[in-house]
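J.: Quick one: the structure is below, questions incoming.
The values are calculated or read from the model by the stated rules, or taken from the named source; none is laboratory data. As the structure is a computational prediction, the values presented were derived from the model and not from experiment. Glycine gets a Cβ as well: all are built from the backbone with ideal geometry, and neighbour counts include every protein chain shown.
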Amino acid sequence: MASAIGLDIGSSAVRAVQLSGGRGQSTVDRLGQVLLPPGAVRDGEIVEAGPVVEALQILWKQYKFKGKRVAIGVANQQVVVRQVELPAMDEDELRESLPFQVQDYIPIPVEQAELDFEVLDEFQNSDGQPMLRILLVAAATEMVQSILDVLKQAKLSPTVLDLDAFALLRAVNEQSGLTADPGVGEMVVNVGSTVTNIVVHSGGVPRFVRILLMGGNNITESLMNATGASWQDAEAMKANPNMPPGQESQIVTERSERFISEIRGSLDYYRAQTDAVQVQRVVLTGGGALLPGLAARLAQAVRMPVDRGHPMSTLKVGKLPLNPEQLAEAEPFLAVAVGLAMGALE
């Protein structure tokens with residue numbers, strides 16, 4: 001039976017999920033996470049390789065993942081995602097010619113970037129010429145190499161290098177209750193500790209991607225700086241749904257509003273595009289999405305429903321050493337790892 005491991009190297013932890021089976025009927029065989037020391041991964045980029053390698057080795061030993069081949073994701077300021085229109089051609093020809101056609105669309109020299117793309121649709125321009133609309137992904141080669149070096153030191157082998165946003169979409173798309181109307185879509189928001197991934201899609205086809213270098217840690221650090229609290233105490237303050245009025249609650253509110261404003265701005269920017277689909281709801285995942293009141297405030301700001309994402313909802317759960325309550329607590333943190341493993345199984 002086919003098996004795949006999705007590995008998410010986040011700013012606060014490394015997480016992995018192992019799936020077996022295939023499309024439509026996959027089973028979660030193993031999952032786990034190991035926390036990283038602060039600063040080892042900053043804004044989605046590996047800064048100190050040693051602690052990350054050690055965490056990966058502990059992750060494999062403690063949770064007994066079977067195999068060393070992993071699907072890995074990226075999301076940081078060294079990744080650029082742009083919608084681009086190019087003359088129609090077959091996929092092989094497009095991939096070969098891509099470096100010569102896209103330099104003007106990205107701030108990274110093409111010789112220093114890894115390029116990939118997703119075809120969104122085909123159309124004819126005003127002159128009747130066949131065209132392709134693609135979602136172009138460019139990642140700095142040096143950043144990608146730092147990930148590959150860490151995997152090699154941890155004795156792991158990458159099989160897939162994916163965009164976190166695409167993995168996220170894969171993990172929650174099948175729970176969507178939207179119609180098949182290609183003009184209707186939803187926004188998926190995964191709030192991490194320092195990186196937030198936003199992807200708008202229609203029927204599982206990504207239409208817009210944005211990576212925000214902000215997340216739950218911004219609130220924690222603000223509480224620490226203002227109150228002198230330890231990291232653990234600041235995290236507890238942030239997670240308290242009954243925080244009394246005062247300096248702490250004001251900090252949480254102000255930081256949350258800044259974050260919500262960025263999401264709303266991303267939505268407004270997308271809606272202003274001529275080919276934008278009608279976004280009907282927001283799906284919220286990630287550890288940072290557990291902030292009390294965030295979903296309700298976001299719903300009020302974007303004036304549409306905001307639902308929790310459930311990446312495990314379409315999966316069969318194997319013999320995991322977790323009870324249902326523990327699995328529910330872990331689920332918000334696993335969307336990217338689940339989606340990476342799903343992609344590797346396809």
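J.: Tell me which strands (runs of 3 or more DSSP E) are completely within the stretch 127-208 and hold 3 or more residues being in the same structural domain as Leu94 (by TED's automatic domain parsing), or say none if there are none.
T.: Values: elements: 130-140, 157-163, 184-191, 196-202.
Result: 130-140.
J.: Moving on. Any idea which of (1) surrounded by 12 or more Cβ atoms within 10 Å (Cβ to Cβ); (2) without any contact (Cβ under 8 Å) to a residue 60 or more places away in the chain is the one Pro244 doesn't satisfy?
T.: Among (1) surrounded by 12 or more Cβ atoms within 10 Å (Cβ to Cβ); (2) without any contact (Cβ under 8 Å) to a residue 60 or more places away in the chain, the lone unmet condition for Pro244 is (1).
J.: Here is a list of conditions, (1) under 22 Å from Gly265 (Cα atoms); (2) crowded, with 17+ Cβ neighbours inside 10 Å; (3) at pLDDT below 95, and Tyr105 meets all of them except one; can you say which number that is?
T.: The single condition Tyr105 does not satisfy is (2).
J.: Those residues that are assigned to a loop (DSSP other than H, G, I, E, B) and of a type outside the set (Lys, Arg), I need them from the stretch 303-319; list them, please. Working first, answer last.
T.: Taking the stretch 303-319 and keeping what is assigned to a loop (DSSP other than H, G, I, E, B), we get 303-305, 309-315, 318-319.
Scanning the stretch 303-319 gives Met304, Pro305, Gly309, His310, Pro311, Met312, Ser313, Thr314, Leu315, Gly318.
J.: Is it true that Phe117 is touching a Leu at 6+ places or on another chain (Cβ under 7 Å), part of a strand (DSSP E or B) and surrounded by fewer than 23 Cβ atoms within 10 Å (Cβ to Cβ)? Give the steps one after another, and end with the answer.
T.: On the way: touching a Leu at 6+ places or on another chain (Cβ under 7 Å): yes; part of a strand (DSSP E or B): yes; surrounded by fewer than 23 Cβ atoms within 10 Å (Cβ to Cβ): yes.
When the stated conditions are applied, Phe117 passes them.
J.: Which residues, counting only those in the stretch 247-258, are of a type outside the set (Val, Ile, Thr), crowded, with 17+ Cβ neighbours inside 10 Å and at pLDDT 90 or above?
T.: Within the stretch 247-258, the subset of a type outside the set (Val, Ile, Thr) is 247-250, 254-258.
Now restrict to residues that are crowded, with 17+ Cβ neighbours inside 10 Å: 248, 255-256.
Result: Arg255, Ser256.
J.: When you scan the stretch 41-52, do you find a residue that is charged (D, E, K, R) and either in contact with a Phe, Trp or Tyr (Cβ under 9 Å, 6 or more places away or on another chain) or within 22 Å of Thr159 (Cα to Cα) (or both), even just one?
T.: Start the filter on the stretch 41-52 by keeping residues that are charged (D, E, K, R), which leaves 42-43, 45, 48.
With either in contact with a Phe, Trp or Tyr (Cβ under 9 Å, 6 or more places away or on another chain) or within 22 Å of Thr159 (Cα to Cα) (or both) added as a condition, the list becomes 45.
Yes, some residue in the stretch 41-52 is charged (D, E, K, R) and either in contact with a Phe, Trp or Tyr (Cβ under 9 Å, 6 or more places away or on another chain) or within 22 Å of Thr159 (Cα to Cα) (or both).
J.: I've got another one for you. Name the one entry in Val144, Val184, Val74 that is modelled with pLDDT under 90, under 28 Å from Ile263 (Cα atoms) and surrounded by 13 or more Cβ atoms within 10 Å (Cβ to Cβ). Lay out the reasoning, then the answer.
T.: Working: Val144 fails: modelled with pLDDT under 90; Val74 fails: modelled with pLDDT under 90.
On inspection, the qualifying residue turns out to be Val184.
J.: Inside the stretch 1-95, counting only strands (runs of 3 or more DSSP E) that do not spill past its ends, which hold 1 or more residues that are more than 30 Å from Leu132 (Cβ to Cβ), assigned by TED's automatic domain parsing to the domain that holds Asn197 and hydrophobic (A, V, I, L, M, F, W, C)?
T.: Values: elements: 3-9, 13-22, 25-35, 69-74, 79-87.
Because the criterion is at least 1 residues that are more than 30 Å from Leu132 (Cβ to Cβ), assigned by TED's automatic domain parsing to the domain that holds Asn197 and hydrophobic (A, V, I, L, M, F, W, C), the strands (runs of 3 or more DSSP E) in the stretch 1-95 that meet it are 3-9, 13-22, 25-35, 69-74.
J.: Just need a number here: residues in the stretch 214-233 that are of a type in the set (S, T, N, Q) and not in a helix (DSSP H, G or I). Please lay out each step first, then the result.
T.: Filtering the stretch 214-233 for residues of a type in the set (S, T, N, Q) gives 217-218, 220, 222, 225, 227, 230, 232.
From what is left, the residues that are not in a helix (DSSP H, G or I) are 230.
Qualifying residue count for the region: 1.
J.: Select from the stretch 1-51 the residues that are hydroxyl-bearing (Ser, Thr, Tyr) and over 12 Å from Ser193 (Cβ atoms) and list them in ascending order.
T.: Applying the first criterion (hydroxyl-bearing (Ser, Thr, Tyr)) to the stretch 1-51 yields 3, 11-12, 20, 26-27.
Residues satisfying the conditions are Ser3, Ser20, Ser26, Thr27.
J.: Related question: How do the pairs read when you match residues in the stretch 299-326 that are under 30 Å from Arg264 (Cβ atoms) with residues anywhere that are part of a loop (DSSP other than H, G, I, E, B), using Cβ under 9 Å and keeping only pairs 6 or more apart or on different chains?
T.: Once the first residue is under 30 Å from Arg264 (Cβ atoms) and sits in the stretch 299-326, its partners that are part of a loop (DSSP other than H, G, I, E, B) give Ala299/Pro305; Asp307/Gly177; Gly309/Gly286; Pro311/Leu334; Met312/Leu334; Thr314/Gly24.
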